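Colleague: Can you read through this structure? Questions will come right after.
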Amino acid sequence: MKIFSKEQIYEGDSLTAQKQNITSTELMERAATRIFDWMHLRMQGAQVPIHVFCGIGNNGGDGLVLARHLITHGYNVHVYIINYSDTRSKDFLLNYDRIKNVTKKWPLLMTNAKELPVINPDDIIVDAIFGIGLNRPIDDWVKVLFQHLRASKAFTLSIDIPSGLFTDKLHANDNEVIWANYTLSFQTPKLLFFLPETAKFTTQWEVLDIGIDPEYLYNTQTTYELVGKMEMLPLYRPREKFSNKGTYGHALIIGGSFGKIGSITLASRSALSAGAGLVTSYVPKCGYQILQTSFPEAMVITDKEEEIISNIQFDIEPSVIAFGVGVGTAHKTIDAFESFLKTNKTPLVIDADGLNILSKKKSLLKLLPKQTILTPHPKELERLIGTWKDDFDKLEKTKALSKKHDLIIVIKGANTITIYQDKGYVNTTGNPGLATAGTGDVLTGVITGLAAQGYEPIVATLFGIYLHGKAADIAVEDLGYQSLIASHVIEALGEAYIDLFKQPEAPQVEEEETEKK
């Protein structure tokens, strides 16, 4: 699913009205009716007080259409106009006149915060104040209103996005934004639903199809895309009947140090479980017995040093190499990594201390093969790109590093975002159970295992992140968030693969309908 920018949304609205020979007012009617249908289906006429707060732009127009339908269907509706400017949109004014035709209780015009409406915790608030069109700081009295709405503890539904949010930058103060329990987004999710600093403003969100021109949706290129099962399934490469372990590549995992052999064990196991034909683990001597006994399917090469990696030499020809898990940042290890990079031509996946070494010695970035995959957690990313003002700035700085050195960079998080050049891919799988030691090592292994099989680097990255998160989602059903550990994710990878081909369950048909047929 594509994530459209504000400008693309406006363009799509305009093109749709033109191609479907409808007015912008009719498109607004259609969109807001979708929201009414959503509410009506769930409320079934319940007389809960519904407070609809409308701005004076198009988001406010949506709110007025919604309020009109609620009123004509007998709901207990209170409508407020937040008069924050002298400028009103055409469609707002048209719908302001229309709502006056269906009720004697006209909308209450609010110009300050002196008389705030009484809202009880069991009421419902509909936020239709600003939407995506906000382009300037909001008035102080509107901030007071926002705080009043939040303090009421009433269920809050936002139209398109929580009011007060910008689509491309962050507020300095959380009190300047509506805190929504649910957001109904028109046609496409918004990027800010997936960023740590802005996602908190809506507990849940849902996309409503408002009939934007299909050709426009299909042909328009977006900077960000949402990656889920339907995007991953076509990328899956089935195994051939007449194949062998050599068909699916040889992954070399370099890492580990004294006390951290577990990390490379996890990465190596997950690479094989992801489908690599062969896996070799390159470890200090102290890791030899551990690997040979705990993971007999792997081959093992040892460094000449007992406790660290000091001299990377091997006589195999791997399809892909992963470096960094548990490797440490000893001077000998840094020197060994630099020497290795100067001669290496094999595709790379770099994680953990491999990233920390790159941060300490940024000149090494120039030695990385094209489309090297970096998988930093937030602190490792900060060491690579520097501090950022907000999540939007973080994305731009990550893009800059990606373009400069032709890197694929994974920004780990609740919605992991992969950046390659100017493009971003937002993952939809995973859960808080992954916030535990070793799951990052497993992700490195899964991506490496896919790359070994011949998946293109960007595909191996996106598919690996998806499978890793899906495996965690499957495992957590039996284990819960707190008890999930990295090994459980590896054990569930097979089920994550199988889930790709599961069809959604057909909706149950009521007996009466079946009998009629």
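Colleague: Of the residues in the range 381-406, how many are over 29 Å from THR203 (Cβ atoms) and in contact (Cβ under 8 Å) with a residue 40 or more places away in the chain?
Modeller: 1
Colleague: Taking the range 362-382, which residues are surrounded by 15 or more Cβ atoms within 10 Å (Cβ to Cβ) and of a type in the set (D, E, K, R)? Don't jump to the end; show me each part of the working.
Modeller: Step one: of the range 362-382, the residues surrounded by 15 or more Cβ atoms within 10 Å (Cβ to Cβ) are 364-365, 367-369, 371-377, 380-382.
Residues satisfying the conditions are GLU380, GLU382.
Colleague: Which pairs have Cβ atoms under 9 Å, sit 6 or more apart or on different chains, and link a residue in the range 134-152 that is in contact (Cβ under 8 Å) with a residue 40 or more places away in the chain to one that is assigned to a helix (DSSP H, G or I)?
Modeller: ILE138/PHE146; ILE138/GLU176; VAL142/GLU176
Colleague: Do you know which of the residues in the range 142-176 that are small (Gly, Ala, Ser) and out of contact with any His (no Cβ under 8 Å at 6 or more places or on another chain) is farthest from MET43 (Cα to Cα)?
Modeller: Filtering the range 142-176 for residues small (Gly, Ala, Ser) gives 151-152, 154, 158, 163-164, 172.
Add one more test, that the residue is out of contact with any His (no Cβ under 8 Å at 6 or more places or on another chain), and what stays is 151-152, 158, 163, 172.
Values: ALA151: 23, SER152: 20, SER158: 16, SER163: 23, ALA172: 36 Å.
Restricting to residues being small (Gly, Ala, Ser) and out of contact with any His (no Cβ under 8 Å at 6 or more places or on another chain), the top hit is ALA172.
Colleague: Given the condition within 16 Å of LEU407 (Cα to Cα), within 26 Å of the chain's Cα centre (by Cα) and charged (D, E, K, R), answer yes or no: does some residue in the range 340-349 qualify?
Modeller: no
Colleague: Moving to a separate point now. Does LEU341 satisfy the condition of being assigned to a helix (DSSP H, G or I), within 22 Å of ILE417 (Cα to Cα) and open to solvent by less than 10 Å² (accessible area, probe 1.4 Å)?
Modeller: Details: assigned to a helix (DSSP H, G or I): yes; within 22 Å of ILE417 (Cα to Cα): no; open to solvent by less than 10 Å² (accessible area, probe 1.4 Å): yes.
Answer is no for this residue.
Colleague: Still on this model: Checking the condition within 14 Å of GLY57 (Cα to Cα), open to solvent by 60 Å² or more (accessible area, probe 1.4 Å) and among the hydrophobic types (A, V, I, L, M, F, W, C), which residue from LEU108, LEU93 passes?
Modeller: Working: LEU108 fails: within 14 Å of GLY57 (Cα to Cα).
One residue alone meets the criteria, LEU93.
Colleague: Are there any strands (runs of 3 or more DSSP E) wholly within the range 395-441 with 3 or more residues that are aliphatic (A, V, I, L, M) and either modelled with pLDDT of 95 or more or more than 18 Å from ALA475 (Cα to Cα) (or both), and if so which? It would help to see each step written out before you state the result.
Modeller: Details: elements: 407-411, 417-420, 423-427.
Passing ranges, in order: 407-411.
Colleague: Condition (residue is in a loop (DSSP other than H, G, I, E, B) and modelled with pLDDT of 95 or more) applied to the range 9-19: is it met by at least one residue?
Modeller: At the first step, the residues of the range 9-19 found to be in a loop (DSSP other than H, G, I, E, B) are none.
Within the range 9-19, none of the residues are in a loop (DSSP other than H, G, I, E, B) and modelled with pLDDT of 95 or more.
Colleague: Follow-up. Could you please find all residues in the range 397-413 being touching a Phe, Trp or Tyr at 6+ places or on another chain (Cβ under 8 Å) and surrounded by fewer than 16 Cβ atoms within 10 Å (Cβ to Cβ)?
Modeller: Residues satisfying the conditions do not exist here.
Colleague: For the range 269-311, which residues satisfy the criterion of being hydrophobic (A, V, I, L, M, F, W, C), within 26 Å of LYS332 (Cβ to Cβ) and outside any strand (DSSP E or B)? Can you show your working first?
Modeller: Here is the first cut: in the range 269-311, the ones hydrophobic (A, V, I, L, M, F, W, C) are 271-272, 274, 276, 278-279, 283, 286, 290-291, 295, 298-301, 308-309.
Next, only the ones that are within 26 Å of LYS332 (Cβ to Cβ) stay: 271, 279, 283, 286, 290-291, 295, 298-301, 308-309.
If the condition is that a residue be hydrophobic (A, V, I, L, M, F, W, C), within 26 Å of LYS332 (Cβ to Cβ) and outside any strand (DSSP E or B), then ALA271, CYS286, ILE290, LEU291, PHE295, ALA298, ILE308, ILE309 are the ones that fit.
Colleague: Of all residues in the range 373-400, which are acidic (Asp, Glu) and closer than 20 Å to LEU170 by Cα? Please lay out each step first, then the result.
Modeller: The first filter runs over the range 373-400 and keeps only residues acidic (Asp, Glu), leaving 380, 382, 390-391, 393, 396.
Once the filter is applied, which keeps residues that are acidic (Asp, Glu) and closer than 20 Å to LEU170 by Cα, the range 373-400 yields GLU382, ASP390, ASP391, ASP393, GLU396.
Colleague: Does the range 247-267 include one or more residues that are within 22 Å of GLY424 (Cα to Cα), modelled with pLDDT of 95 or more, out of contact with any strand residue (DSSP E or B) (no Cβ under 6 Å at 6 or more places or on another chain) and of a type outside the set (A, V, I, L, M, F, W, C)? Break it down stepwise before answering.
Modeller: Of the residues in the range 247-267, the ones within 22 Å of GLY424 (Cα to Cα) are none.
Looking for residues that are within 22 Å of GLY424 (Cα to Cα), modelled with pLDDT of 95 or more, out of contact with any strand residue (DSSP E or B) (no Cβ under 6 Å at 6 or more places or on another chain) and of a type outside the set (A, V, I, L, M, F, W, C), one finds none in the range 247-267, hence no.
The values are calculated or read from the model by the stated rules, or taken from the named source; none is laboratory data. Treat the numbers as computed from the prediction; the structure is a model and nothing was measured. Methodologically, a virtual Cβ is constructed for each residue, glycine included, from the backbone with ideal geometry; neighbour enumeration extends over all protein chains shown. When the accessible area is computed, the model is the full protein with side chains, heavy atoms only, and any ligands, DNA or RNA have been set aside. Shrake-Rupley method; radii C 1.70, N 1.55, O 1.52, S 1.80 Å.
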